[in-house]
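One structure is given below, encoded as structure tokens.
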Amino acid sequence: MPFAFAIAALLDGHIDVRWLRWTRPWTNVAWGFLTLGIALGSWWAYYELGWGGWWFWDPVENASFMPWLIGAALLHSQAATEKRGVFVGWTLLLAIAAFALSLLGTFLVRSGVLTSVHSFAADPSRGLFILVFLALVIGGSLLLYALRAPGLEGNSDSSRRAFSLNSRESLLLANNLLLSCACAMVLLGTLYPLIADALDLGKVSVGPPYFGTLFVLLMTPLVLLLPFGPLTRWQREQGLRPLALLAPWAGLALLLGTVTWFMASQGKLKAAAGIAAAAWVGLGTLYYLGQRLRNSGRLNAEAVGMLLAHLGIAVFLVGALLVEALHVQHEVALAPGRSVDAGGYQLTLEGVDAVDGPNYHSDRGHVQVSRNGDAVALLHPEKRMYASGGQAMTEAGIHPALGGDIYVALGESLGDGAWAVRVQIKPFVRWIWLGAALMALGGFITAVDRRFRRIPQRKA
């Protein structure tokens, strides 16, 4: 829908507040559902693949993540265009780019050009059709943008004003640039192995070291700037006022990070960075909430949605960085009656039974989890072999908790009654999906703001 609105604006040759208020709810709803879809895909990988990870920079994962990044930039660009009349070209180009990347993701998943546990089709003819459709639609859209967009910059009904470097517009521009660069980085890493293979340049693998390092470098300034956005005035800010307002909370965030550094038994840097970054974003967002309530006494749906989305980022940072820093993993051979200690828990393999399901045969383990002699849970990890195609799947045994999961996966039989068992302690892993849910909820709540239903009359 945002793409359709953008093409309509280019064909009409006019952008006004009416156009922006019609398109913003659709953008928020689409971005919210995409956020939920990515979170559900991460949840599925965590539960079904048996390795206990929630993200691996798989090409199909990247295919959904790229339009999410551009969509997040589009949300902020639309807000600036509606309220200040700036970034008209950015808004149109981001709408086109988000749709283009969605089509690219469809091509990657359905064409069979890559191998992934997430891809579910291998039909070259279908892939060729999608590729031709992608070239026609996006090529035509970009041509239309090149011809018509320059004339739209001065054709907006909004009160377009110049802005200084120290303004909310500048922060939103930085947001657009950082998210777009992150998307370009993911796009390059995803497509380069395919391009190199097509040009006979050899097999090239681009994995988590590339994505993880560059993504952190690009997102660090975004996280640092995020609390300043809502507190910074449009057009021109007075000196360092937002920095002065947030200085106490920045100090508290650094203090919490320092305490975490000394308390963490491993992964000190990631743990301290996770707590400090989450506290910085969360405290800055809550401070803005207090300021808003103190000044106006109320919040509209758009403000509530923004607050929830930013708090979701803080919650996500806790989960993503602490689970990487503090997780414990043991891969052991266990026979019935043998135990392993992991993260203060004792896990004992009581036995493995053969179970026949409706369309599979399963080896089902029974693992007793205890702590200081007290029973905590009885987990049942499984190794399933499906009759259709002989596909093997792992069903992990998971003891869920808000403070962390106990994750047990059953491997292969090693003979003499022994089994390969992977045991993991995943601190705060559920905060990852809780943060994503808050972000999606923020998008949905913003979409129902009554202001978007009060469309002003278009001027003659």
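The values are calculated or read from the model by the stated rules, or taken from the named source; none is laboratory data. Model, not experiment: these values are computed from the prediction. In this analysis, Cβ positions are derived from the backbone assuming ideal geometry, glycine residues included, and neighbour counts consider all displayed protein chains.
Observations, loosely collected:
- Test: residue 370 is in the same structural domain as residue 353 (by TED's automatic domain parsing), of a type in the set (Ser, Thr, Tyr) and at pLDDT 90 or above: yes
- Restricted to strands (runs of 3 or more DSSP E) entirely inside the stretch 373-423, those with at least 2 residues that are touching a residue at least 40 places away in the same chain (Cβ under 8 Å) and not β-branched (Val, Ile, Thr) are 392-395, 404-415.
- Among residues of the stretch 234-268, those that are surrounded by 13 or more Cβ atoms within 10 Å (Cβ to Cβ), out of contact with any Asp or Glu (no Cβ under 8 Å at 6 or more places or on another chain) and assigned to a loop (DSSP other than H, G, I, E, B), counted: 3
- Screening the stretch 43-60 for residues that are assigned to a helix (DSSP H, G or I) and in contact with a helix residue (DSSP H, G or I) (Cβ under 7 Å, 6 or more places away or on another chain) and picking the one that is farthest from residue 78 (Cα to Cα) gives 43.
- Those residues of the stretch 370-409 which are more than 25 Å from residue 356 (Cβ to Cβ), aliphatic (A, V, I, L, M) and exposed (fewer than 14 other Cβ atoms within 10 Å of the Cβ), in sequence order: 375, 402
- Checking each residue in the stretch 74-111 for being aliphatic (A, V, I, L, M), assigned to a helix (DSSP H, G or I) and out of contact with any Ser or Thr (no Cβ under 7 Å at 6 or more places or on another chain) picks out 79, 80, 92, 93, 95, 97, 98, 100, 101, 103, 104, 108.
- Residue 305 surrounded by 22 or more Cβ atoms within 10 Å (Cβ to Cβ), closer than 28 Å to residue 72 by Cα and in contact (Cβ under 8 Å) with a residue 12 or more places away in the chain: yes
- Pairing each residue of the stretch 193-214 that is more than 18 Å from residue 183 (Cβ to Cβ) with any residue that is in a helix (DSSP H, G or I) and modelled with pLDDT of 80 or more, provided the two are 6+ apart or on different chains, yields C-beta distances under 6 Å for 204/193; 204/196.
- Among the residues listed as 315, 323, the single one being part of a helix (DSSP H, G or I) and in contact with a helix residue (DSSP H, G or I) (Cβ under 6 Å, 6 or more places away or on another chain): 315
- On inspection, residue 405 passes the criterion of being charged (D, E, K, R) and under 26 Å from the mean Cα position of the chain (by Cα).
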